[in-house]
Amino acid sequence: METIFGNLQGLKSSQLKQLQRLYHQRIPGDRITTPEFSQRLAAISTEINQPVCAYLNRRGQVIRVGVGTPRQTQIPPLELPRYGAERLSGIRCIATNLKPEPPNDAALTAMALQRLDALVVLNITGSGFQRRGGGATGYVKETYLAHLISNTKQLALTQHGLNATGINAQDSTLYSSVSPPLSLDMLAQEDFIELVEGLEAEFQREFIAQEVDADHDRVLIVGLFTERTNPQQFQDTLAELARLVDTAGGDVLQTVQQKRSRVHPQTVVGEGKVQEIALTAQTLGANLVVFDRDLSPSQVRNLEAQIGVRVVDRTEVILDIFAQRAQSRAGKLQVELAQLEYMLPRLTGRGQAMSRLGGGIGTRGPGETKLETERRGIGKRISRLQQEVTQLQAHRSRLRQQRQHREVPSVALVGYTNAGKSTLLNTLTNAEVYTADQLFATLDPTTRRLVIPHIDTNEPQAVLITDTVGFIHELPASLMDAFRATLEEVTEADALLHLVDLSHPAWLSHIRSVREILAQMPVTPGPALVAFNKIDQVDSETLALAQEEFPLAVFISASQRLGLETLRQRLAHLIQYAVDSR
């Protein structure tokens, strides 16, 4: 039996049958509607005294019938056909209206969210008149035809003094055109195929002009500003998230922000903002939405259902970068472990692929079996990977014991991601570690031999310096756990060299983040020397502030080889202090 959507309360069975019979109607493919179909909709709408919406595909078949306005009966994004910013959805809506007025903003927004081919509004009159045999009758007084238009077409209309309605999606605006009142016969004569093909040709030209790279995700970033958030830290977080997305290979199209007292438990942001995100995503042709915080499985599910595109959180972006950067067997092992540990609690109800029916008597089905199979398989894989990580820890421990037996001091190079650690290692030791102006450019730890002067004899002495994985604000717990074998290089080193990118606006925040992560280590790391890098890219005011805040720090430029001799001497004093303190 065909489903009728919307508000069905109070409807008689005979009225429901009339609505269901609409599914058997068919309109010629080149017509928007016919007088007969429109009058039938008007008669049903008048009898139940509620607006009615019929959704048709391009073959003229009725695919959805709803009781209510276009906003109340719209098709959920996940049920719509896949389309891009250059195409329409292939569906049109014919809606009745009991009030003599053009389409309102809510109806036009619903049209935009679904990217409908067209929205037809039938204003009906005659409500309250009785027809023979009982029941009210009504007829179509006037009609309105609305459809989306490209920005180029909107400019042309404005130049000719014609109106185009703007449907706001934050900084982007999707425009629609609403016809003057038309008679039903005039509407029925409109060539539907010519209309749709013309609209899609305009969108296609505009889409190509944007030079879209099909190989990259088109990303919309969403940030939530709460009462607990510092305004500057919030902006720094969004800027960092944009860098993460860029590093992962995505193109950031726009950032959407909302200020709320607290996080919405179901959708993080408010209902109105979710609708704005959905409209912005489809206006810009985004295929991925990234939130600036961790999302629960239910939040992801709710957001994807309402927005219609894939939704991920900050942790998933970082995991994706790590997966791309891992080169060694150890690195790949730890990344896979982190991904699986992150995925396991999010299996329940994730996507329609699991088709989980629920828990309890009468609700178990094939989906539950598949879910448990997936969970069991991932659990076994995690156990196996954890065993391998334990073996990796033992191997690294043996290497460290050999170094200690030879009494070779060690220094761990730590710092925020992209602080220049690999560049400094290359400069000091002539290593060939990969460097790039990207977050997490290097993932695997690299140990090299460094010669520095002995503070007593001034004779050259060898130390081992290890480049470790870059830290980041609120480093995900799954990464902390999975990379414990690598992070032990930090806790087992005799001393730390904490490198700071002084050219970054948030350098003070970076120092705090690194120190917070070091404080979470199971073993307290050794003494640390702070080294400010990239001093050639900062002004004198920033330099003076850093010298005042950190009088014991050393100031260098690894790329320009500035201050390196001073760094070697300060390292010699640091290592001597660390060795004497053992």
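With +1 on the Cβ of every Lys and Arg and -1 on the Cβ of every Asp and Glu, and nothing else charged, how large is the dipole of the stretch 217-312 about its Cα centre, in debye rounded to the nearest 20?
Working: 10 positive and 11 negative charges, 53 e Å.
The calculated dipole for the stretch 217-312 is roughly 260 debye.
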Counting other Cβ atoms within 10 Å of each Cβ, which trypsin sites (Lys or Arg not before Pro) in the stretch 7-45 have at most 14 and sit in a DSSP loop?
K12
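Need the full-extension length gain, T125 to E565, defined as separation in residues times 0.36 nm minus the C-alpha distance. One decimal, nm. Show your work: numbers first, answer last.
On the way: separation 440, 0.36 × 440 = 158.40 nm, distance 8.91 nm.
Full extension from T125 to E565 adds 149.5 nm.
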Output ³J(HN,Hα) for the stretch 448-463: one whole-Hz value per residue in order, computed from phi by the Karplus curve 6.51 cos²θ - 1.76 cosθ + 1.60 with θ = phi - 60°, and x for Gly and Pro.
9, 8, 10, 9, 10, x, 6, 5, 8, 9, 6, 6, x, 10, 9, 10
Extension reserve of the S296-M521 stretch, reckoned as 0.36 nm per residue once the Cα distance is removed:
78.4 nm
Grab the beta carbon distance between D456 and L543, set R0 = 51 Å, and tell me the FRET efficiency rounded to 0.05.
0.95
As an exercise, use a Förster radius of 60 Å and the Cβ-Cβ distance of L11 and Q327 to find the FRET efficiency, rounded to the nearest 0.05.
0.40
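Could you list V389, V311 so that the one with the fewest beta carbons within 10 Å of its beta carbon is first and the one with the most is last?
Details: V389 20, V311 26.
Ascending Cβ contact count within 10 Å gives the list V389, V311.
Work out how much length Q232 to L78 would gain on full extension: take 0.36 nm times their residue separation and subtract the Cα-Cα distance, in nm to one decimal.
Numbers: separation 154, 0.36 × 154 = 55.44 nm, distance 3.60 nm.
Extra length available between Q232 and L78 comes to 51.8 nm.
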Eligible lysines near K273 by straight Cα distance, threshold 16 Å, same-chain separation 8 or greater
K259
Q257 to E388: FRET efficiency via 1/(1 + (r/R0)^6), r the Cβ-Cβ distance, R0 35 Å, to the nearest 0.05?
0.25
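Where a number appears in this text, it was derived from the coordinates with a stated rule and is not lab data. The model shown is predicted, which means the values in this text are computed figures rather than measured ones. With ideal geometry, Cβ positions are generated from the backbone for all residues, glycine too; neighbour counts draw on all protein chains shown.
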